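Asks: A single structure is presented below for examination.
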Amino acid sequence: MGNTFIDLFAGCGGLSLGLIRAGWNGLFAIEKSPDAFATLKHNLVDGDVVQPFNWPVELPCEAMQVGALLALHRPFLESLAGTIDLIAGGPPCQGFSFAGKRNEGDPRNQLFEEYVDIVAVLRPKFLLLENVRGFASGFRSAGSEPGRAYADVLKGRLEQLGYRFHSKMLSASQFGVPQTRARFIMIATRLDVDQGVRPFRLLAERIEEFRLGHGLPAHGDTSVRDAISDLEIAGARLVDCPETQGFKQLQYIQRRLSPFQKAMRSGLPDGFAPNSLRLPNHGSEVSARFKRILARFPKGKAVSKIHLEALGTKKHSVTPLHPGHLSKTITTLPDDLLHYSEPRILTVRENARIQTFPDWYHFRGKFTTGGSRRKDECPRYSQVGNAVPPLMAEALGRVIKELDPGNG
């Protein structure tokens with residue numbers, strides 16, 4: 001079977017879903033979080049809306065670290081050498097992110113080495129890697145010049161293995177994704193199949209056609225209102241949430257839909273509503289604070305820390321969304337963003353919409369962490385926030401297919 005890919009550090013499956021929709025055939029995906037893997041397995045292994053993974057019997061279909069794949073299943077990996085066309089992945093980005101502490105010693109920064117180790121074993125035709133902007137920026141100690149960026153280290157390693165390295169900072173909004181999500185994207189081509197085509201130039205030539213193919217305008221941004229206005233409480237009937245006792249959700253009905261909403265609803269079986277529509281149960285104090293933020297502060301801009309402290313919260317960042325603009329980048333923290341007209345955080349489903357997960361995509365696991373602080377816990381908000389937007393992934397996958405001389 002041609003056009004075969006594997007996904008490393010796969011999360012809940014955003015990158016895999018996009019590649020499958022681009023015509024790639026999934027073999028297996030590696031993800032260490034049990035919750036995120038359960039989501040991927042439900043939709044892309046056991047599901048039937050898109051072509052599922054052709055999971056090999058030699059590999060357990062369970063949550064697993066990439067290091068364990070190398071340590072425990074190396075003979076199986078070696079047996080696949082020459083049969084994999086694409087390795088995709090997004091090694092954990094928290095240590096590189098400008099939004100975090102940006103610690104050069106963060107052990108998660110070394111996980112891309114495991115990505116390279118598997119490349120050395122499998123020698124695929126193509127590589128696709130996604131990460132945050134900080135992956136391409138050198139680390140700086142106090143008062144010193146920036147050091148070497150991990151992207152440069154990766155480039156050197158892959159060139160030694162016989163790959164041509166291409167990278168670019170891309171905004172997900174180019175592909176119709178309704179958020180300002182800037183990401184480092186690497187596409188590498190094995191030299192014996194490289195045709196000298198510049199993948200990001202080809203990508204730029206294909207964006208208009210790609211957007212029109214999804215029923216989206218050829219140009220311009222997809223606004224927050226375009227993405228989630230059909231999921232507003234206003235004018236909707238609230239029903240008991242079947243997933244969590246004591247919570248409500250809106251009744252999922254057909255309203256006047258934007259082209260983007262029509263695309264997101266496509267594929268959902270008749271009579272079935274998506275999951276993860278649970279509305280938050282904010283206390284009176286929190287609701288009052290959110291009402292003040294919506295009334296007093298400009299939408300689309302982060303409320304300053306001084307104002308947040310005056311409002312009685314220790315949050316470092318809260319942004320009320322602007323209905324007519326792009327969303328700020330979806331994160332793993334539910335209360336980073338507020339709904340543009342309702343004093344509440346977004347539902348998991350609204351976050352998933354802004355990430356371009358279709359409504360049929362079913363999320364597993366907890367909604368929030370509650371009182372737990374286990375580092376390995378990956379509730380639904382974290383799954384969505386960490387994901388690669390499927391629409392962006394699909395556009396990248398289509399271009400990589402064009403680079404293959406065997407598809408010509």
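Asks: For region 1-96, list the helices (runs of 4 or more DSSP H) that sit wholly inside it and hold at least 2 residues that are over 27 Å from TYR163 (Cα atoms); which are they? So that I can check it myself, show each step before the final result.
Replies: Numbers: elements: 14-21, 34-44, 66-72, 74-79.
Once the helices (runs of 4 or more DSSP H) in region 1-96 are filtered for at least 2 residues that are over 27 Å from TYR163 (Cα atoms), what remains is 34-44.
Asks: Can you name every residue in region 299-318 that is among the basic types (Lys, Arg) and either in contact with a Phe, Trp or Tyr (Cβ under 7 Å, 6 or more places away or on another chain) or open to solvent by 70 Å² or more (accessible area, probe 1.4 Å) (or both)? Outline the logic, then answer.
Replies: Within region 299-318, the first condition is being among the basic types (Lys, Arg), and the residues that meet it are 299, 301, 305, 314-315.
Matches in region 299-318: LYS299, LYS301, LYS305, LYS314.
Asks: Can you find a residue in region 336-359 that is free of Cβ contacts under 8 Å to residues at least 40 places away in the same chain and open to solvent by 50 Å² or more (accessible area, probe 1.4 Å)?
Replies: no
Asks: Let me ask you something else. Restricting to region 183-238, count the residues that are within 30 Å of ARG278 (Cβ to Cβ) and charged (D, E, K, R). Step through it out loud before you land on a result.
Replies: Keep residues of region 183-238 that are within 30 Å of ARG278 (Cβ to Cβ), which gives 183, 214-216, 221-238.
If we keep only those that are charged (D, E, K, R) as well, we get 183, 221, 225-226, 230, 232, 237.
Summing the residues that are within 30 Å of ARG278 (Cβ to Cβ) and charged (D, E, K, R) in region 183-238 gives 7.
Asks: Quick test for you: out of LEU346, LEU311, LEU337, pick the one residue that is within 30 Å of ASP270 (Cα to Cα) and aliphatic (A, V, I, L, M). Walk me through how you get there before you give the answer.
Replies: On the way: LEU311 fails: within 30 Å of ASP270 (Cα to Cα); LEU337 fails: within 30 Å of ASP270 (Cα to Cα).
Every option except LEU346 fails the conditions.
Asks: Let me ask you something else. So which residues in region 255-272 are open to solvent by less than 60 Å² (accessible area, probe 1.4 Å) and either in a loop (DSSP other than H, G, I, E, B) or not aromatic (Phe, Trp, Tyr) (or both)? Break it down stepwise before answering.
Replies: If we filter region 255-272 for residues that are open to solvent by less than 60 Å² (accessible area, probe 1.4 Å), which is where we start, we get 255, 257-258, 260-261, 263-265, 267-268.
Of everything in region 255-272, those that are open to solvent by less than 60 Å² (accessible area, probe 1.4 Å) and either in a loop (DSSP other than H, G, I, E, B) or not aromatic (Phe, Trp, Tyr) (or both) turn out to be ARG255, LEU257, SER258, GLN261, ALA263, MET264, ARG265, GLY267, LEU268.
Asks: Identify all residues within region 40-59 that are open to solvent by 30 Å² or more (accessible area, probe 1.4 Å), in contact (Cβ under 8 Å) with a residue 24 or more places away in the chain and under 21 Å from VAL384 (Cα atoms); write none if there are none.
Replies: HIS42, VAL49, PRO52, listed by residue number.
The values are calculated or read from the model by the stated rules, or taken from the named source; none is laboratory data. Computed from a predicted model, the values in this text were never measured in an experiment. Neighbour counts are summed over all protein chains in view; Cβ atoms, including those assigned to glycine, are modelled from backbone coordinates with ideal geometry. For accessibility, only protein heavy atoms count, side chains too; no ligands or nucleic acids. Shrake-Rupley method; radii C 1.70, N 1.55, O 1.52, S 1.80 Å.
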